[in-house]
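Step one of this worksheet: look at the structure below.
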Amino acid sequence: MTAHIIDIALDPEAALAEALAVLGEGYPVAIPTETVYGLAADATNPAAITRIYETKGRPRFNPLICHMANLAMAERYAQFDPLSRRLAQAFWPGPLTLILPVRDDSGIHGLATAGLDTVGIRVPKGFAALLIARFDRPLAAPSANTSGKISPTSAAHVAEDLGDRLRLILDGGDAPVGVESTIVRVDDGRIRLLRPGGVSAEAIEAVSGIAVLRPDGPSATIEAPGMLASHYAPGAAVRLNATEAQADEALIRFGGQPLAGVDQAIAIFDLSPSGDLAEAATNLFATLKRADASGATRIAVAAIPDHGLGEAINDRLARAAAPRD
Ligand code: TXA
Ligand code: MG
């Protein structure tokens, strides 16, 4: 099997018709979202969800985010408390996932929620939301990459990794946000951050007027089951907070900082020469892939500020650098 790739901008009607046909037959379709490309399938169809796990080689205890067309649709599948609804109104469509109690009669299959009584829900921007509205069922969609590898921010990334295992890839251009959605869970009027992502904690605090709670550190219980230590792993080893480049390394800089030893580096990249964290997030995964393809055995990454979208960037870099077993 070789995936058919349709450029949405060239033929949106064909993209919609072909995607609806493949989804209706219970097969996954790779779709663009504003964060990363997703591997989307009917969240109410167990055979379709099983194909997502098989295509990615993903452990089944790791639940999937269910994507909705809008808040009204989301309310049919999950129970919203007032604070979660306020966050949804502020950030949807957009890169925020809310963990909410799933409705008993929702029809979302237990394979999508990994048997939990909660479901992760978000409303994506752009063509994905249109597709879901037309399909009129939620789409379960993890990132469209082999489990544990770097998430795809372009249709070409998806094709390289999974092109021979998929029927259809919709090409919507480069993903503008570049890191996955922020995952939060509201309980007892508190907002807990389960995964930093495309909406900064500061933006959530500004809208809610409430401090966002972080996990207590590395030993804290993993509440988003997918937050495994090693993830986003390139082939090359990753060295963080580099202050100089060593021989045979690819170097990833930020904000045009000067670093010693650059002439020894095999390749040099800058996530954002102007020091813009949102631009750095957009470029992160593609840059990791290019650094990996440079032939370097190790990728050295300079320190990135930890505020705003820097929190999501540093989370992904820490997982890329984590020991692998
Ligand atoms: O931006 C994104 O969120 C992308 C695009 C495609 O929407 N999707 C994505 O999915 O990143 P994935 O599968 O790579 O990550 C989903 C995360 C996992 O860490 C999973 O454990 C967590 O969401 N999750 C899903 N349902 C959950 C639940 N009921 N409770 C806690 N965590 C949940
Ligand atoms: Mg993923």
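Some notes on this structure:
- Zone residues, segment 273-312, relative to Arg324, backbone N less than 20 Å from point 7 Å out along Cα-to-Cβ: 284-302
- Solvent-accessible area per residue, Å², over segment 45-146 with all protein chains present [probe radius 1.4 Å]: 38 Å²
- Inter-label distance for Ala267 and Ala237, nm, one decimal - labels placed 7 Å from Cα along Cα-to-Cβ: 1.9 nm
- In this calculation the C-beta distance from Thr118 to Val207 is compared with R0 = 25 Å, giving a FRET efficiency of 0.70.
- The GNM of the chain, with springs linking C-alpha atoms under 10 angstrom apart, assigns the highest mean-square fluctuation among Pro59, Pro138, Pro234 to Pro59.
- FRET efficiency for the pair Asp81 and Thr297, taken as 1/(1 + (r/R0)^6) with r the Cβ-Cβ distance and R0 = 45 Å, rounds to 0.35.
- Length gained when the stretch Ala247-Ala229 is fully extended (0.36 nm per residue, less Cα-Cα span): 3.7 nm
- Gain in span if fully extended, Thr2 to Arg103, counting 0.36 nm per residue against the direct Cα distance: 32.6 nm
- The relative contact order of segment 4-213 comes to 30 percent, based on Cα pairs under 8 Å that sit 6 or more residues apart.
- Each of Val212, Ser200, Ser154 was placed along the dipole of the chain (beta-carbon charges, centred on the mean Cα), and the one lying farthest toward the positive end is Val212.
- Counting only Cβ charges, +1 for Lys and Arg and -1 for Asp and Glu, the dipole size of the chain around its Cα centre is about 540 debye.
- Kirkwood Rh and Cα Rg combined as Rg/Rh, segment 4-213: 0.95
- Annotation: lysines with alpha-carbon distance below 16 angstrom to Lys149 (same-chain offsets under eight excluded): Lys56, Lys289.
- Largest GNM mean-square fluctuation across Val36, Val212, Val184, computed for the chain with C-alpha springs under 10 Å, falls on Val212.
- Annotation: extensible slack from Leu130 through Ala47 equals 27.5 nm (criterion: 0.36 nm per residue apart, minus Cα-Cα distance).
- Counting only DSSP beta bridges with both residues in segment 4-213, the antiparallel share comes to about 55 percent.
The values are calculated or read from the model by the stated rules, or taken from the named source; none is laboratory data. Everything quoted here is computed from the prediction, not taken from an experiment. Note that we place each Cβ from the backbone using ideal geometry, even for glycine, and neighbour counts take in every protein chain shown. Heads up: the accessible areas ignore ligands, DNA and RNA and are worked out on the full protein's heavy atoms, side chains in. Shrake-Rupley method; radii C 1.70, N 1.55, O 1.52, S 1.80 Å.
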